[in-house]
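Each remark here refers to the structure printed beneath this line.
The values are calculated or read from the model by the stated rules, or taken from the named source; none is laboratory data. Not measured: the values here are computed from a predicted model. Quick reminder, even Gly has a Cβ in these numbers, built from the backbone with ideal geometry, and neighbours come from all protein chains shown. Calculation scope for accessible area: heavy atoms of the full protein, side chains included, ligands and nucleic acids excluded. Shrake-Rupley method; radii C 1.70, N 1.55, O 1.52, S 1.80 Å.
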Amino acid sequence: MPNTIDLTTAISWISAWRANPNTGVKAFFIPVIDFSSLMQDENCIGVRAYLAYGNTDGKAPESKLLLVDVEGDISTGGRDIISNGIYDFTQPCPSTCDVNSPLYTLNGSGQYPVVPGNTIPISEAVLWATQWRANPDTTVKAFFIPKDDITDLLKDSTCIGVRAYLGLEIVGKKAAPVPKLMLVNVEGDITNGGTDNIVNGIFDFTQPCPSTCDVSSSLYTLIP
């Protein structure tokens, strides 16, 4: 399958991330056509995105989101369907960025409407992104993204993909911070980084692992 890697490579890259997380990565771009291909299985309930570090064809290693489709009951973490492919088509920021986006610059002073649904205001998104960059959570392994919400995010006809920004919600003094993957759709020319379409909403519907995990998955245990 195109844009996929084998399990041995995936485990190697995920192991590299967990041994030495790249705390400088801000976001990942995911092309719309590849996102759609990943969810073709009728039993797919969403996608799990594993943080990894590596590259193919002798290229310099870089941060990755390795994506697999998920089936089953998400209330128990769902099951990674590795047999359907481990996809490697994301592009990290740096270097594939929208350098004018408020989620890149951390300037939330602009006026953006809050779109109904699983979205958050720009001020909250900028705060979470700021908190991640100041103190990234190096224990997070992956994020689950529900299929229905991905479909909603990609419904704009001009969307060429999704940018997923890392964030950290600090709930209170006693509660543990919650890692976030905030999603916006992207328009324009991705060879130039594309443009974040903030007016279409900043979506917050991902669930981090821990605690929403497939603990039997080879991508979790790192055992083939």
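Observations on the model:
- Subset of LYS141/LYS180; LYS59/LYS147; LYS64/LYS155 violating a 20 Å alpha-carbon distance limit: LYS59/LYS147; LYS64/LYS155
- Karplus-derived 3J(HN,Hα), 6.51/-1.76/1.60, for each residue of segment 14-19, Hz, glycine and proline x: 5, 4, 5, 5, 5, 6
- Under Karplus coefficients 6.51, -1.76 and 1.60, residue-wise ³J(HN,Hα) of segment 52-57 in Hz, glycine/proline x: 8, 8, x, 5, 10, 6
- Per-selection Kirkwood Rh - the chain (Cα, Å, 1 d.p.): 17.4 Å
- Relative pair counts by distance (%), Cα atoms of segment 134-224, 10 Å bins: 15, 38, 32, 15, 1
- Taking Cα centre as origin and charging only the Cβ of basic (Lys, Arg, +1) and acidic (Asp, Glu, -1) residues, the dipole magnitude of the chain rounds to 840 debye.
- Between 0 and 90°, nearest 10: helix 122-134 axis offset from the chain longest Cα axis: 50 degrees
- Label positions at SER95 and ILE33, each projected 7 Å from the Cα along the C-beta direction, are separated by 2.2 nm.
- Within the accessible area of segment 75-224 (1.4 Å probe), percent carbon and sulfur: 52 percent
- Cα-centred dipole magnitude for segment 34-140, charges only on beta-carbon of K, R (+1) and D, E (-1), debye, nearest 20: 400 debye
- Spacing of the two label points (7 Å from each Cα toward its C-beta) at ASN135 and SER123, in nm: 2.2 nm
- Cβ-derived FRET efficiency at R0 45 Å, SER15 paired with SER109, nearest 0.05: 0.65
- The Rg/Rh ratio for segment 1-111 is 1.01, where Rg is the radius of gyration of the alpha carbons and Rh is the Kirkwood radius.
- Per residue accessible area of the chain, 1.4 Å probe, in Å²: 45 Å²
- Estimated distance in nm for a label pair at GLN40 and ASN192, the labels positioned 7 Å out from Cα along Cα-to-Cβ: 3.2 nm
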